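First the structure, in the form of structure tokens, and then the observations on it.
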Amino acid sequence: MKLFIIAGEDSGDLHASNLIKALQQKHPALAVRGVGGDKMAEQQTSLIAHIKDINFMGFWEILKNLGTIRRLFRTVKNDILSWEPDAVVLVDYPGFNLRMTKFIKALGIPVIFYISPQLWAWKKGRVKTIKRFVDKMMVILPFEKDFYAKEGVEVDFVGHPLLDVIEESPDVPISKPIVALLPGSRKQEIKRMLPVMLELPKKFPAYEFVIAAAPSQDESFYRDLMGQTTIKLIKDQTYDLLHQASYALVTSGTATLETGLHKVPQIVCYAGSPISYAIGKRVIQVKYISLVNLILDKPLVAELIQHEFTPARLEEELTSLMENTETARVLEGYEHLKTKLGNKGASARAAEIVSNFLVNQSSMKPISS
């Protein structure tokens, strides 16, 4: 059995790797190729492109890198044509993956989408693409099932795969309370977020600030941004850090949910280029930018967006968050968050769905004479 998987971000790489691991338990001879990161490679995936070279964020940034994206598109197309997989699994990464669906479907290869693009937030018209070209949709957020069902798309809610990995973090000794800095995974966002976050340590000398480096970025990239600061930098140990952190400053994205499931009170931050922000403000149709607030449908954690994301506002919000009543309020909200996400075993349930789908597809193929 051959499976081609496309994941374009660190979070997608993580969830795809756990899906592969669960599938390999069912199909030991499974062969996997595709686009992803180190975690997929650890599961014996043959990578034709690495996420560190293709992970672009924002409208303007994507426009500037269209040449790279087009080359990747050609590379992926050619590889799928020559390798002829039994199915293609697309993991989020909508700008690329949704454009790929029509091509894959035209080849007669089944298309499985795991982890929905945030179509409920913007570009709802793209649901038509999924309805036409995606054979199986698997979602990990509870409200997404209703969203797709209303659009007539066959959808399975498998639960959130983070529930399977969060509690694996070991205890790490600490000398004083920690504030974790999670500036994102893409170079563009890290360049915008980290320098502002680094203004906070001098304001809170009683706390140790620690930067969580994304697996797909080189340590030297962070060191250049950090300058002469002596703040600790860790790489590929984000869960260990969150397991010990008292508070966190987190760039909007999957990390906000990871932080919430680790029960770390947080401030969610986002700042994009002026062009990207102006476009996004016009097209995004949700009340919140953090997954925590979106899932709970209320403003549990503070969000500092664009012009509000300043050292002064960060200091103000972090000081407020450190008050006992505010910390307790956020922690209580996190308990409701975990309940809404369902039970553990998302990767295993997703693997079961993929396996059954492939077996059914195989049984429907005509027998060669």
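The values are calculated or read from the model by the stated rules, or taken from the named source; none is laboratory data. No experiment lies behind these values; they were computed from the predicted model shown. Cβ coordinates were reconstructed from backbone atoms using ideal geometry, including for glycine residues, and neighbour counts include every protein chain displayed. Surface accessibility is based on the protein's heavy atoms, side chains included, excluding ligands, DNA and RNA. Shrake-Rupley method; radii C 1.70, N 1.55, O 1.52, S 1.80 Å.
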Quiz item: Given a 1.4 Å probe and every protein chain left where it sits, what share in percent of the accessible area of the chain is carbon and sulfur?
Solution: 51
Practice problem: Would you mind telling me which residue in Val134, Val91, Val196 has the biggest mean-square fluctuation in a Gaussian network model of the chain, where springs connect alpha carbons within a distance under 10 angstrom? | Solution: Val196
Self-check item: the chain, dipole about Cα centre (Lys/Arg Cβ +1, Asp/Glu Cβ -1), debye to the nearest 20
Solution: 1580
Quiz item: Rg and Dmax of the range 290-361, using alpha carbons, in Å: what are they?
Solution: 18.8, 58
Quiz prompt | Overall Cα dimensions of the range 213-357 - principal axes, largest extent first, Å | solution = 53, 37, 37
Quiz prompt | Net charge, Arg99 excluded, C-beta distance under 11 Å - Lys, Arg +1, Asp, Glu -1 | solution = +4
Quiz prompt | Additional length obtainable on full extension of the chain from Thr68 to Asp224, 0.36 nm per residue less Cα span | solution = 53.7 nm
Quiz item: In the chain, what is the volume of the convex hull around the alpha carbon atoms, normalised per residue and reported in Å³?
Solution: 137
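Net charge near Phe73, counting Lys/Arg +1 and Asp/Glu -1 over other residues with Cβ under 15 Å of its Cβ?
Local net charge: +4.
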Practice problem: Please list, or write none, the aspartates and glutamates whose alpha carbon is within less than 17 Å of the alpha carbon of Lys102, excluding same-chain residues fewer than 8 places away. | Solution: Asp79, Glu84, Asp86, Asp92, Asp135
Practice problem: Find the accessible area per residue for the chain; the probe is 1.4 Å, ligands and nucleic acids are left out, and the unit is Å². | Solution: 46
Exercise. Would you calculate the separation in nanometres between label points at Phe204 and Arg126, each defined as 7 Å from the Cα along the Cα-to-beta-carbon direction?
Key: 3.4
Quiz item: Counting pairs of alpha carbon atoms under 8 Å apart in space and at least six apart in sequence, what relative contact order in percent does the chain give?
Solution: 17
Quiz item: Can you flag which of Lys26/Lys136; Lys191/Lys344; Lys136/Lys338; Lys124/Lys191; Lys150/Lys338; Lys202/Lys235 are past 28 Å Cα-Cα?
Solution: Lys191/Lys344; Lys124/Lys191
Quiz prompt | With eigenvalues of the C-alpha gyration tensor scaled by 5 and rooted, the range 1-50, Å | solution = 16, 11, 8
Quiz item: With springs only between Cα atoms under 10 Å, which of Pro311, Pro28, Pro161 fluctuates most in a Gaussian network model of the chain?
Solution: Pro28
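Find the Cα radius of gyration of the range 159-240, compare it with 2.2 N^0.38 Å by division, and give the number to two decimals.
It is 1.16.
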